[in-house]
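J.: Input: one structure, supplied below.
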Amino acid sequence: MAQTTFQGPVKSINGFIGAGVGNVVSLTADTTLTVADHAGRILTCNDADGKFTLPTIIATADANGTDKFVGGAYIGIDDSAAGKTFISAAANDVITLNGSTKGGLAGSIIKCTVMADDKYHVEAQLLGSGTLVTPFANS
């Protein structure tokens, strides 16, 4: 299907769905994510100790730790030991990966979706190693 260029007014009730190579954004350094540049896109990360700040859900809210996570993270390890699931606590607003006990090895996936005022639903399928610990924390 060809790329479409619009002229004149266009109304979309639920937005447009991005697809193709332009829908992938590579994060290589600490980044504050924005709705305009990152929402609905696939974000890849090649920064082992990167810090990625989610956009504040309500524009009038204080961006420092007011939005919390609701959900969980499963960290799988090799088949010689069982993986583990961690559920976010009520005050958690940080996910830290370390490439081992907290997950973050190549192939790990985190999906964050706005679910309500000050709440992000998080689903994480992480790959890790060693004695697993929660990747969730408070800022």
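The values are calculated or read from the model by the stated rules, or taken from the named source; none is laboratory data. Model, not experiment: these values are computed from the prediction. For neighbour counting, all protein chains shown are included, and Cβ atoms are generated from backbone atoms with ideal geometry for every residue, glycine included.
J.: In segment 19-45, what residues are touching a strand residue (DSSP E or B) at 6+ places or on another chain (Cβ under 7 Å) and within 20 Å of G107 (Cβ to Cβ)?
T.: Passing the criteria: N23, V24, V25, S26, L27, R41, I42, L43, T44, C45.
J.: In the list K119, K102, K111, which residue meets the criterion of being over 25 Å from N46 (Cα atoms), modelled with pLDDT of 90 or more and among the basic types (K, R)?
T.: Checking each option against the conditions leaves just K119.
J.: Could you grab the pairs with beta carbons closer than 6 Å, sequence gap of 6+ or different chains, first residue in segment 32-53 and in contact (Cβ under 8 Å) with a residue 12 or more places away in the chain, second one in a strand (DSSP E or B) and loosely packed, with under 12 Cβ neighbours inside 10 Å?
T.: Every condition considered, the pairs that remain are I42/V24; T44/S26.
J.: Only one of (1) buried (at least 17 other Cβ atoms within 10 Å of the Cβ); (2) without any contact (Cβ under 8 Å) to a residue 24 or more places away in the chain fails for V122. Which number is that?
T.: Single failed check for V122: (2).
J.: Considering only residues that are in a strand (DSSP E or B) and either modelled with pLDDT under 85 or out of contact with any Leu (no Cβ under 9 Å at 6 or more places or on another chain) (or both), look in segment 16-75 and name the one that is surrounded by the fewest Cβ atoms within 10 Å (Cβ to Cβ).
T.: I42
J.: Which one of the conditions (1) closer than 21 Å to D47 by Cα; (2) more than 17 Å from the chain's Cα centre (by Cα) does V94 fail to meet, given that it meets all the rest?
T.: Status for V94: all satisfied but (2).
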